[in-house]
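This report concerns only the one structure given below.
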Ligand code: IFM
């Protein structure tokens, strides 16, 4: 059919979620307490006072959720493992019931013809490890590698795609510098040390996963990346944009793909830079098979001497559409980012591991959710991905964030990202219009024009 932007054969259309955001069952079957259990149980931390105690109750409804994915026709499912289900105290004894849960989930997915893509760390650190300093403590990087080994031992015969971390930038900055996320620490120097330990733990886990895997095993990491544009063409604004890019994108990309921190940012951070031990950078830059890219928006910034550490501030773009998160809808940024990653870092394979949007949704009297803005958002982004592939970017798959509405961290349940609506009172799932549209895209392996 001519009126379809067709994707390459075998392109992996998927959906993504994360353990704390959907599972619930926060204290069942031997699970330990995570920093998000502690954080959400602390008054004043979550906008609507909610917790992930029940969330989407996926821990009990996983069969129904696999059936939903099957109905949508998705080829792959990206989910994360709760470290506290596997090793409740972070290190030490393994909890067999936790492993059993993911074992059943993986088998269920494979039976439904859906490829499992596992993220090992999507922010829910065992509280027992926070009690020894969390990611600021170098030992935690080694505990993470041990945990990776336990999971890979059990699931590695069936799971071939592994992601070590989800968005280490968010873990370090939002959790340890701004304190908006668990563990709620506000210390910039600590945040940079945390970022280094996260990267180190990534490299250590890559080695474990590769050693335990076979020829088919592919290992990667997921970064949240955004192109940064200057608000004006002034030299000051351009320098500010370059700094923001250094702090947000290059601080993670360069160590992983080049083996060093970006020199301009190392200098800019001055006394705040992390302690790096001999050999760390070669561990961090161990070859990986793919990069997972989470793309939602771009940043537009202006130089501002009062603008904190980076001396800049973000600006609102007149005339642009914004989502419920306050993020500008900017599909061209996805194309720009993909082409740049391919050009600057020569990454073997790329997946979009998250892309999607929060908009206000309502169930209308016909019992449906007509989320036209989300549908348009997805279509425009899919088309930019298509263009990037045509221009030579090795993009292999695309995971929509998210399969279903879920616990949006410090925003609680106030933001809905799903292509499936969740009624939290009844746990009823309703496929939104965007979900039905995605079903057609997958069936056609292309976007209707
Ligand atoms: O919900 C989050 C997800 O956990 C990580 N990436 C961004 C999403 C939307 O904010």
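The values are calculated or read from the model by the stated rules, or taken from the named source; none is laboratory data. Predicted, not measured: the structure shown is a model, and the values here were computed from it. Cβ sites come from the backbone with ideal geometry, for glycine too, and all protein chains shown count toward neighbours.
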(Q) Looking only at residues that are over 24 Å from the mean Cα position of the chain (by Cα) and surrounded by 15 or more Cβ atoms within 10 Å (Cβ to Cβ) in segment 294-306, which one is farthest from the ligand (Cβ to nearest atom)? (A) 303
Q) With 48, 29, 107 as the choices, which residue is surrounded by fewer than 15 Cβ atoms within 10 Å (Cβ to Cβ) and within 16 Å of the ligand (Cβ to nearest atom)? A) 48
Q. Among the strands (runs of 3 or more DSSP E) confined wholly to segment 320-427, which include 1 or more residues that are closer than 24 Å to residue 229 by Cβ and out of contact with any helix residue (DSSP H, G or I) (no Cβ under 9 Å at 6 or more places or on another chain)?
A. 350-354, 395-401
Q) For residue 447, which of the numbered conditions (1) within 20 Å of residue 3 (Cβ to Cβ); (2) surrounded by fewer than 19 Cβ atoms within 10 Å (Cβ to Cβ) fails to hold? A) (2)
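Among the listed residues 162, 135, 178, identify the single one that is under 21 Å from the mean Cα position of the chain (by Cα) and within 16 Å of the ligand (Cβ to nearest atom). Can you show your working first?
Details: 162 fails: within 16 Å of the ligand (Cβ to nearest atom); 135 fails: within 16 Å of the ligand (Cβ to nearest atom).
Exactly one residue qualifies, and that residue is 178.
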Q. When you look at residue 215, is it within 16 Å of the ligand (Cβ to nearest atom), more than 22 Å from residue 338 (Cα to Cα) and modelled with pLDDT of 95 or more, yes or no?
A. no
Q) Tally time: how many residues in segment 330-358 are crowded, with 19+ Cβ neighbours inside 10 Å and either farther than 25 Å from residue 246 by Cβ or modelled with pLDDT under 95 (or both)? A) 3
Q) List, please: which pairs have Cβ atoms under 6 Å, are six or more places apart or on different chains, and start with a residue in segment 400-414 that is closer than 26 Å to residue 116 by Cβ and at pLDDT 95 or above and end with one that is part of a helix (DSSP H, G or I) and within 12 Å of the ligand (Cβ to nearest atom)? A) 406/21; 406/22; 407/21
(Q) Could you go through segment 86-102 and let me know if any residue there is buried (at least 23 other Cβ atoms within 10 Å of the Cβ), within 16 Å of the ligand (Cβ to nearest atom) and more than 30 Å from residue 430 (Cβ to Cβ). (A) no
